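Okay, structure first, notes after.
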Amino acid sequence: QVQLVESGGGLVQAGGSLRLSCAASGLTFTVGWFRQAPGKERDFVAVINWNGGTTNYADSVKGRFTISRDNAKNTVYLQMNSLKPEDTAVYYCACRTVVGLTTNPDLYNYWGQGTQVTVSS
């Protein structure tokens, strides 16, 4: 059983930055960030493999968001720059207990409780 705790969300103006953290209670392999806006489905944002050597991003955030990890701290980060109002959502981190990157949320084993990000125009 792995517990994930997100932090770092908040209210920011358009063009601003936030850094989300996802702290894990145990070993994780692939870790992904997803987001869900009101009335919409949960969408893939970014994913990172076990050693941080491979990443993938949704087209909507490429060039603005960066995913990274510090395995010594069991923490994955999502640096979000040039934020836009359409980035407003609850952001979730999730992990797999097997290797292999995927953007499919159904293939993740554990989820955090989410952190709200609100970008004002």
- Message: With a cap of 12 neighbouring Cβ atoms within 10 Å, and only residues DSSP puts in a loop, list the GluC sites (Glu not before Pro) found in region 1-97.
- Response: E41
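Can you give the longest run of the chain that contains no trypsin sites (Lys or Arg not before Pro) sitting in a DSSP loop with at most 15 other Cβ atoms inside 10 Å? Mind showing how you got there, number by number?
Values: sites that count: K40, K62, R64, K73.
With a cap of 15 other Cβ atoms within 10 Å, the longest stretch comes to 74-121.
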- Message: Residues of region 21-59 with the amide nitrogen closer than 14 Å to a label point 7 Å from the Cα of E86, along Cα-to-Cβ, please.
- Response: 37, 58-59
- Task: Specify the inter-centroid distance of region 1-70 and region 93-121, based on alpha-carbon positions, in whole Å.
- Result: 7 Å
- Note on the structure: Over all pairs of different Cα atoms in the chain, the reciprocal of the mean inverse distance gives a Kirkwood radius in Å of 14.0 Å
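For the chain, report the accessible area per residue in Å² (1.4 Å probe, heavy atoms, rounded to an integer). Write down the numbers at each step before the final one.
Numbers: 6100 Å² over 121 residues.
Dividing the accessible area of the chain by its residue count gives 50 Å².
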- Taking the chain as a whole, which cysteines find no other cysteine Cβ under 4.7 angstrom from their Cβ? C95
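Fully extended, how many nm does the chain gain between D43 and S25 (0.36 nm per residue separation, minus their Cα-Cα distance)?
Working: separation 18, 0.36 × 18 = 6.48 nm, distance 2.42 nm.
Gain on stretching D43 to S25: 4.1 nm.
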- Message: Cut-off under 19 Å on the C-alpha distance; same-chain residues fewer than 8 positions from K73 excluded. Which aspartates and glutamates are left, in chain and number order?
- Response: E6
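The values are calculated or read from the model by the stated rules, or taken from the named source; none is laboratory data. Bear in mind that the values here come from a model prediction, so they are computed numbers and not experimental data. Cβ sites come from the backbone with ideal geometry, for glycine too, and all protein chains shown count toward neighbours. For the accessible areas, the whole protein counts, side chains as well, though only heavy atoms, and no ligand, DNA or RNA atoms are used. Shrake-Rupley method; radii C 1.70, N 1.55, O 1.52, S 1.80 Å.
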